[in-house]
Amino acid sequence: MAKRINDALKDRFTTDIGLGARIGAGLHIPHHTGVVISDKARIGKNLVIRQNTTIGVVSSMGPDEYITLGDNVDIGANSCIIGAITIGDNVTLGAMSFVNRDIPANCTYITRKTSDVIIKPAH
């Protein structure tokens, strides 16, 4: 039954939440498109996750390693959270954030973007 519900979510909303993921009450996905949550995710209460965001694994993760997010985490659009990391309670991730390390509680995390653009001519 859970597999059928998961497949229906993927088909209707292009949202993929792994069947082994543990998510607390209050999950809010304002824009469903492109949301991926690994079955190795352990998420607290009141997660807000926006479009085109991945909470995923890396190949080096062991069977007993998880991606842990605390309560009241707010994730901006187009973000990527990967690896066996812990994000504390009351954390806000800015849009387009790349997270591959622990983030302590009560923080705002922003991945610095540069305006450097490299354009190479095709050969």
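Rule-based calculations on the coordinates, nothing more; no lab input. Quick caveat: nothing in here was measured; it's all calculated off a predicted structure. Note that each Cβ is placed from the backbone with ideal geometry, even for glycine, and that neighbours are counted across all protein chains shown.
Once the piece of chain linking N78 and I23 is laid out straight, how much longer is it, given 0.36 nm per residue of separation minus the C-alpha distance between them?
On the way: separation 55, 0.36 × 55 = 19.80 nm, distance 2.01 nm.
Answer, rounded to one decimal: 17.8 nm.
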> In the calculated pair distance distribution of the chain, what percentage of Cα-Cα distances lie above 20 Å?
Replying inline: 43 percent
>> How charged is the neighbourhood of I29? Take every other residue with its Cβ under 14 Å from the Cβ of I29, and add Lys/Arg as +1 and Asp/Glu as -1.
In response: +1
> Highest mean first, what order results for 105-114, 42-51 on Cβ atoms within 10 Å?
Replying inline: 42-51, 105-114
>> About the Cα centre, and with charges only on the beta carbon of Lys, Arg (+1) and Asp, Glu (-1), how big is the dipole of the chain? Nearest 20 debye, please.
In response: 240 debye
